[in-house]
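One structure is given below, encoded as structure tokens.
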């Protein structure tokens with residue numbers, strides 16, 4: 001107990017010292033979704049938003065799902081609501097930056113809906129994450145799954161598929177960007193040693209993530225929101241190891257490693273050989289892990305010499321499934337004392353019993369008989385069917401819906417609520433025209449459009465400035481164009497057309513995200529005075545938007561014709 005108190009105090013004292021390093025990585029995409037909830041949910045210091053309230057998350061076929069809540073039996077707040085699906089339904093997430101993303105799924109069968117009998121399949125566009133899972137065959141109370149997927153498009157679809165005439169459900173979803181360098185393209189096979197290429201194109205599932213010799217690390221103390229559990233229950237012989245620790249701020253990250261690889265707390269603790277075992281040079285510390293023998297596994301080992309008093313005194317070996325993965329490892333040769341080091345291996349086999357073993361032991365020729373390990377991650381690698389659960393492919397389980405090209409599409413303002421109406425478009429346009437030449441090539445003015453069911457009149461003629469090469473038009477009077485927005489309102493809503501609020505670029509101009517004073521979210525399409533190719537497209541958009549009136553389709557809510 002004294003060790004844990006020491007560690008907690010050390011962590012608290014170190015928080016201020018390492019705060020700057022912890023804030024180094026900022027994810028471009030961060031979605032924390034509370035499925036079926038009508039209000040925000042706080043869990044482990046993070047705020048999860050209802051699945052019908054997020055402007056960049058689309059719940060397809062919402063009418064085929066129901067929401068359920070329970071405040072009494074759920075083990076944690078994140079499991080107090082769920083969305084239940086009777087048919088295949090999907091969530092679509094806007095992706096602002098392609099690359100590695102965490103996908104974290106939460107499942108807990110709320111009482112009163114017979115969810116224990118539910119049979120759940122979860123897929124993305126390219127990978128099967130979960131296939132025919134049921135709590136009937138599961139010993140735990142709740143299920144948490146974490147995946148690492150390389151997203152290569154501007155959206156990510158997560159589909160939930162009920163199996164065997166049952167229902168599917170989910171309580172919460174996380175989709176968060178991860179550093180691309182976190183998972184390299186290449187590792188080394190454990191036996192026989194050989195390069196393993198192509199990891200960047202594969203999906204991974206976190207099976208085990210351990211903080212050796214230290215306490216539980218939750219998302220609040222990890223820059224990437226990961227959880228690291230203590231290793232004791234996986235030790236083959238509990239008495240074989242002794243935990244040691246140092247103050248986390250004493251850890252010295254090299255230029256090639258950051259806290260995103262593993263936090264300070266991982267490298268500041270370790271399991272080492274007990275004093276009684278150091279007299280036997282053939283003794284190892286071994287951890288055992290039940291795994292699915294039908295998959296390969298990425299094994300990442302974390303080391304940091306926090307026990308030596310001088311360099312070149314600690315020499316030990318690493319074994320994976322009794323095969324030698326690292327021989328005569330001298331951490332002094334790859335760094336210094338208190339300097340983190342990690343290594344990736346791919347294991348393509350397990351023992352006959354479906355158990356993967358990892359061991360460290362002293363080198364028999366070393367002056368000091370000892371060995372240590374600070375952290376360990378074991379991740380399942382997707383198989384040839386691009387699955388992490390079974391042998392069925394996405395194509396055999398999920399019919400992909402036709403996806404529209406998002407580029408150049410006006411994105412609507414989002415109205416939250418249980419009905420999850422997709423969007424209402426806010427449209428701002430300036431009637432401008434490029435003057436190509438002072439003498440002979442004068443651009444066409446943008447004339448008013450004869451909109452559907454509308455008599456549009458131009459009450460003030462356009463005037464062209466020969467100096468600026470732009471045109472302006474005023475007072476587009478029409479009852480069907482919706483509300484008139486002043487240019488100042490548009491400037492305030494878009495923070496002066498802040499580039500960080502840019503949603504996309506079309507032929508007519510740029511589209512910006514905006515928020516009105518009353519909280520209404522909208523998209524503003526701003527004309528480019530030197531654009532000609534988008535004029536016909538923009539005309540078509542106006543004609544179309546003026547006709548559309550449907551809860552699942554966009555509609556025009558207003559305009560601005562000020563300069």
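Residues in region 211-233 that are surrounded by fewer than 20 Cβ atoms within 10 Å (Cβ to Cβ) and either more than 25 Å from residue 331 (Cβ to Cβ) or out of contact with any helix residue (DSSP H, G or I) (no Cβ under 9 Å at 6 or more places or on another chain) (or both): 216, 218, 219, 220, 227, 229, 230, 233. Among all positions in region 541-550, there is at least one residue which is at pLDDT below 70, crowded, with 17+ Cβ neighbours inside 10 Å and in contact with a helix residue (DSSP H, G or I) (Cβ under 8 Å, 6 or more places away or on another chain). For residue 78, the conditions (1) in contact with a helix residue (DSSP H, G or I) (Cβ under 8 Å, 6 or more places away or on another chain); (2) within 30 Å of residue 513 (Cβ to Cβ) all hold with the exception of (1). Among the residues of region 307-328, those that are crowded, with 21+ Cβ neighbours inside 10 Å and closer than 23 Å to residue 214 by Cα comprise 314, 315, 316, 318, 320.
With the condition kept exactly as written, say whether any residue in region 183-200 is within 17 Å of the chain's Cα centre (by Cα), part of a strand (DSSP E or B) and modelled with pLDDT of 95 or more. No: region 183-200 contains no residue that is within 17 Å of the chain's Cα centre (by Cα), part of a strand (DSSP E or B) and modelled with pLDDT of 95 or more. Would region 118-128 turn up any residue that is touching a residue at least 40 places away in the same chain (Cβ under 8 Å) and surrounded by fewer than 16 Cβ atoms within 10 Å (Cβ to Cβ)? The answer is no, given that none of the residues of region 118-128 is touching a residue at least 40 places away in the same chain (Cβ under 8 Å) and surrounded by fewer than 16 Cβ atoms within 10 Å (Cβ to Cβ).
Residues in region 329-339 that are more than 13 Å from residue 307 (Cα to Cα) and crowded, with 17+ Cβ neighbours inside 10 Å: 329, 335. If you go through region 185-210 and keep only what is farther than 17 Å from residue 146 by Cα, buried (at least 16 other Cβ atoms within 10 Å of the Cβ) and either touching a helix residue (DSSP H, G or I) at 6+ places or on another chain (Cβ under 9 Å) or in the same structural domain as residue 343 (by TED's automatic domain parsing) (or both), you end up with just 187.
Being part of a loop (DSSP other than H, G, I, E, B) and out of contact with any helix residue (DSSP H, G or I) (no Cβ under 7 Å at 6 or more places or on another chain) is the filter here, so list the residues in region 135-159 that pass it. Those that are part of a loop (DSSP other than H, G, I, E, B) and out of contact with any helix residue (DSSP H, G or I) (no Cβ under 7 Å at 6 or more places or on another chain): 138, 139, 140, 141, 152, 153, 154. Selection within region 201-218: residues that are over 22 Å from residue 382 (Cβ atoms) and in a loop (DSSP other than H, G, I, E, B). The member of this set that is nearest to the chain's Cα centre (by Cα) is 218. Applying the condition of being closer than 15 Å to residue 373 by Cβ and assigned to a loop (DSSP other than H, G, I, E, B) to region 219-236 and asking which residue is modelled with the highest pLDDT yields 231. Of 313, 357, 364, all but one fail to be modelled with pLDDT of 95 or more and under 19 Å from residue 273 (Cα atoms); the exception is 357. When the residues of region 160-177 are filtered to those that are assigned to a loop (DSSP other than H, G, I, E, B) and farther than 18 Å from residue 388 by Cα, the one that is modelled with the highest pLDDT is 171.
Each row is one residue, and each column tells you yes or no for (1) at pLDDT below 90; (2) under 17 Å from the mean Cα position of the chain (by Cα).
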| site | (1), (2) |
| --- | --- |
| 17 | yes, no |
| 20 | yes, no |
| 28 | no, yes |
| 32 | no, yes |
| 35 | no, yes |
| 38 | no, no |
| 49 | no, yes |
| 58 | no, yes |
| 62 | yes, no |
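Elements of the type strands (runs of 3 or more DSSP E) sitting completely within region 257-371 and holding at least 3 residues that are in contact (Cβ under 8 Å) with a residue 60 or more places away in the chain and farther than 30 Å from residue 180 by Cβ: these cover 269-273, 285-290, 355-362.
Suppose the filter is over 30 Å from the mean Cα position of the chain (by Cα) and at positive phi; does residue 312 pass it? Steps first, answer last, please.
On the way: over 30 Å from the mean Cα position of the chain (by Cα): yes; at positive phi: yes.
Yes.
The values are calculated or read from the model by the stated rules, or taken from the named source; none is laboratory data. Only a predicted model underlies this, so the values are computations on that prediction, with no experimental measurement involved. In this analysis, Cβ positions are derived from the backbone assuming ideal geometry, glycine residues included, and neighbour counts consider all displayed protein chains.
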